[in-house]
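Chemist: Mind looking over this structure? Questions follow.
Throughout, read-outs are computed from the coordinates displayed, never taken from laboratory work. This structure is a prediction, so every number in the text was calculated from the model and none was measured. So basically every Cβ, Gly included, is an ideal-geometry build from the backbone, and we count neighbours across all protein chains shown.
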Amino acid sequence: MIVLEILIFTILFWIIKYFWDHRRFYYLASKIPTSAFDFSFSGIYNYLTADPKMMLKLVNGSFDNKSDIAKTWLGHVLFIIANNPDDIKTIFNAKQCYDKPSFIKFSAKMEKGSLFGELEYWRSHRKVMNPFFGYQGLKAVIPIFNEKTKILMKSLECMVDKEAFNIFHNMTALTLETILKVMEYDVDIQNQEAKSRDVFIKNLENFAKVAFLRMFKPWLHPNIIFKNSKLYKVQQQSMSNCAMVFTNDIIENIRTNTNNNEDEKSKSFMEAMLNPKNNFTDNEIKHEVHSVVLAAQDTSAIASSMMLLLLAIYKDVQQKVVDELHQVFGKKRDTPYIEFENVNELVYLEMVINEVMRLYPVVPFIVRQVDEEIVLGDKYRIPVKATVVVPISRIHKNKKYWGDDAEEFNPERFSKENFAKIHPYAYIPFAKGPRMCLGYRYAMMLMKIQLANFLMRYEVDTDLKLDELEFGVQVTMTVCQGYMIKIKDRKY
């Protein structure tokens, strides 16, 4: 009995001590309006057991509030939801908010690339990689983008005038091949038979989903099994080992083809990371490969697939895109070689891309950790260790900033004249500020080349209706039915 009393007293003592030590944290939190999100036991249970479709509803439900600033709790974790572009500007640019939340740092023990890594880790890697995503770096990869896109055009010939198919699988294979070739590792994925290709892609998706779930459900530690695939056959392995079984091959291939001379100018960011003067370990390089592939492959493939699906629904917009392509390249069915200068000429296509990413952002929200107190909403002081959430999917559809037709598809809102009237932080598909997506120019250029080639050669259609589309989220926001389209040769 005495032991039990001591145990109870000890527990109560530490609970009281915890709240006393964190009294300012809870005091500042109490001043912030509360979100409508249900953080009771049942609400948390629903969150932890949600499938992708329900997860998106719960996430949007927690963001759907009238206040510019609102809070919600998940256990002891305080989430601050910022709905005002001025506050979002502060969050993206303030040094107090550069870092990722602690629960993502937990995940970083599994993956330490730029996608998940801590602040100092990110800074050192970004410094090395930045030069390769500038003007000269983008020009250098144009031939790769064209080469891989031509393979896609050829591989789709067997689908002309056939039943609907999920273009996402093709776009994923294309994007993955392209990214790996940029990293100087050429692998044939697009020409594999569909079953082997799709199993390989599914394994990558599984890794990404588990990585995301581990951020919010850290007790999960499942193994991923790469099933029989003509590309890679791997027995049951730990998640971190099987994320990219060819990572060692990539590194060894680049080492074999470079001198690794400290004074030699690197041709790619992979060469730069392998350069001894940058002092990166093999594990750091492997994690960076994983980060680049996971960040670029899935997001670019989803965005391109969504654009084709919407163009199949909005035939008038599809025709306007084709008219612009004809003005730039002439009326010809052959896949054009798109030069760097041509990319900037595709103004209307870029408007369409922007509108699709506004309505259907691949990443629906971004989270940052507050390392020093910061003021948002002109009056709310956000406590240290709070997690700030930027709800991209809600900001992009906020009628206050986009007008009464905010939920309608209208590429014209991104014309130079119309977009100039929009708050610059009301459109943030790649985030903004020092820690924005490093490859956003890369992604835009890649999508333009992919879509331009596709629409010059094929007319796209679908049986899906816009109001029938269902969305879900784990790592990224996707269409639950798949990106089901039909294609036929474009007539000239």
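Chemist: If I model a spin label at His423 and Lys465 as a point 7 Å from the Cα along the Cα→Cβ vector, what separation in nanometres do I get?
Modeler: The two pseudo-label positions are separated by 3.5 nm.
Chemist: Here's a follow-up. Going highest first, how would you order 323-333, 280-290 by mean Cβ packing within 10 Å?
Modeler: 280-290, 323-333
Chemist: Give me D for region 297-391 in µm² s⁻¹, whole number, from Stokes-Einstein with Rh from the Kirkwood sum over alpha-carbon pairs, 25 °C and 0.890 mPa s.
Modeler: Result for D is 147 µm²/s.
Chemist: Which whole-Hz ³J(HN,Hα) couplings does region 137-148 yield from phi under the Karplus relation 6.51 cos²θ - 1.76 cosθ + 1.60, θ = phi - 60°, glycine and proline marked x?
Modeler: x, 5, 4, 5, 9, 3, x, 5, 4, 5, 4, 6
Chemist: Can you tell me the FRET efficiency between Val328 and Tyr440 if r is taken as the Cβ-Cβ distance and R0 is 25 Å, rounded to the nearest 0.05?
Modeler: After rounding, the FRET efficiency stands at 0.65.
Chemist: Per residue, what volume in Å³ does the Cα convex hull of region 388-444 take up?
Modeler: 107
Chemist: Modelling each spin label as a point 7 Å along the Cα-to-Cβ direction, I'd like the Ser67/Trp20 distance in nm, to one decimal.
Modeler: If labels sit at Ser67 and Trp20, their model points lie 2.9 nm apart.
Chemist: Sticking with this one: Under the Karplus relation 6.51 cos²θ - 1.76 cosθ + 1.60, θ = phi - 60°, what is the ordered set of whole-Hz ³J(HN,Hα) values for region 445-462, x standing for Gly and Pro?
Modeler: 5, 4, 5, 4, 5, 4, 5, 4, 5, 4, 6, 5, 9, 10, 9, 10, 9, 7
Chemist: When the Karplus curve 6.51 cos²θ - 1.76 cosθ + 1.60 is applied with θ = phi - 60°, which whole-Hz ³J(HN,Hα) does each residue of region 424-430 get, with x for Gly and Pro?
Modeler: x, 9, 8, 10, 9, x, 10
Chemist: For the peptides 296-308, 344-356, what is the packing order when you average, over each peptide's residues, the other Cβ atoms within 10 Å and list the highest mean first?
Modeler: 296-308, 344-356
Chemist: List the residues whose amide H sits under 5 Å from the amide H of Ile374, counting only those 5 or more places along or on another chain, with H placed 1.01 Å from N in the peptide plane.
Modeler: Ile382
Chemist: For the cross-link pairs Lys66/Lys432; Lys331/Lys399; Lys127/Lys320, which exceed 29 Å when the distance is taken from alpha carbon to alpha carbon?
Modeler: Beyond 29 Å between Cα atoms: Lys331/Lys399; Lys127/Lys320.
Chemist: Region 319-474: Rg/Rh from Cα coordinates, Kirkwood Rh?
Modeler: Using Cα coordinates only, the ratio equals 1.03.
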